[in-house]
Amino acid sequence: MLMGRYEYSLDAKSRTNFPPKFRAEMGDTLYVTKWFDKCLVVYGQRQWEKLDSKFENMPTVQSKELLRILYGNVAEVSADKQGRILLPQYLKDHAGITKDIVIIGARNYAEIWDKAAYEENQKQNDFAFIEQKLKDMEF
C-alpha cells in the first residue's frame, strides 16, 4: 500500500527522486500522466493494467475524453540507478511544477504535486466533509 508524504526537488534535467518504498511496491516501469486537481498520477505496471482493463468494455463515446487525457499524456518512465525519474515538460506544465515537489501515496497510486500547490490544496480541505464521509463508511 502506498502512503506517506515525500518532498523532493527537480534537478536541472527535470529528474526527481521517487520514494524507494513506492518503487519497491510499484515495480520498475511507472506510468505518469495528468490527474485531477492539477497534479500528476503515477501507476505501477500492475495498477496501470487494472485501470486499462476497465476501458475494454466501455463504449468509446463514453471513454474518449478520459482516454485522451490519461493515455494521450502518459509518460512511461523507469528510475535510474540513483532512483530518479524524468518528468516531461508537458506534465510539469500541467501540474505547475517548477522545482520543489511533494509525492504522496494514495493507496494504489502516487500523486506528484508542485509543493506550493499541494500546501494550498491541503489548506482548503473540508474536514467536516471528510468526517461525514468516514461516518458514511461506518468508520
**Fill in**
Across the alpha-carbon set of the chain, Rg over Rh with Rh taken as the Kirkwood radius works out to 0.99
**Message:** For the stretch 1-40, compute the orientation-averaged projected area of the C-alpha convex hull (one quarter of its surface), in nm².
**Reply:** 3.7 nm²
**Request:** At 20 °C and 1.002 mPa s, grab the translational diffusion coefficient of the stretch 57-103 from Stokes-Einstein with a Kirkwood Rh over Cα pairs, rounded to a whole number in µm² per second.
**Result:** 165 µm²/s
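What does the extension gain come out to for residue 61 and residue 46, with contour length at 0.36 nm per residue minus their alpha carbon separation?
Contour length minus Cα-Cα distance gives 2.8 nm.
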**Asked** Could you give the dipole magnitude of the stretch 5-136 about its Cα centre, charging the beta-carbon of Lys and Arg +1 and that of Asp and Glu -1, in debye to the nearest 20?
**Response** 200 debye
**Request:** Could you tell me the number of lysine pairs in the chain with C-alpha atoms less than 17 Å from each other, where the two lysines are 8 or more residues apart or belong to different chains?
**Result:** 15
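Bear in mind that the values in this text are calculations on the coordinates, not laboratory data. Since we're looking at a predicted model, the values are computed, not measured. Every residue, glycine among them, receives a Cβ derived from its backbone with ideal geometry; neighbour counts consider all protein chains shown.
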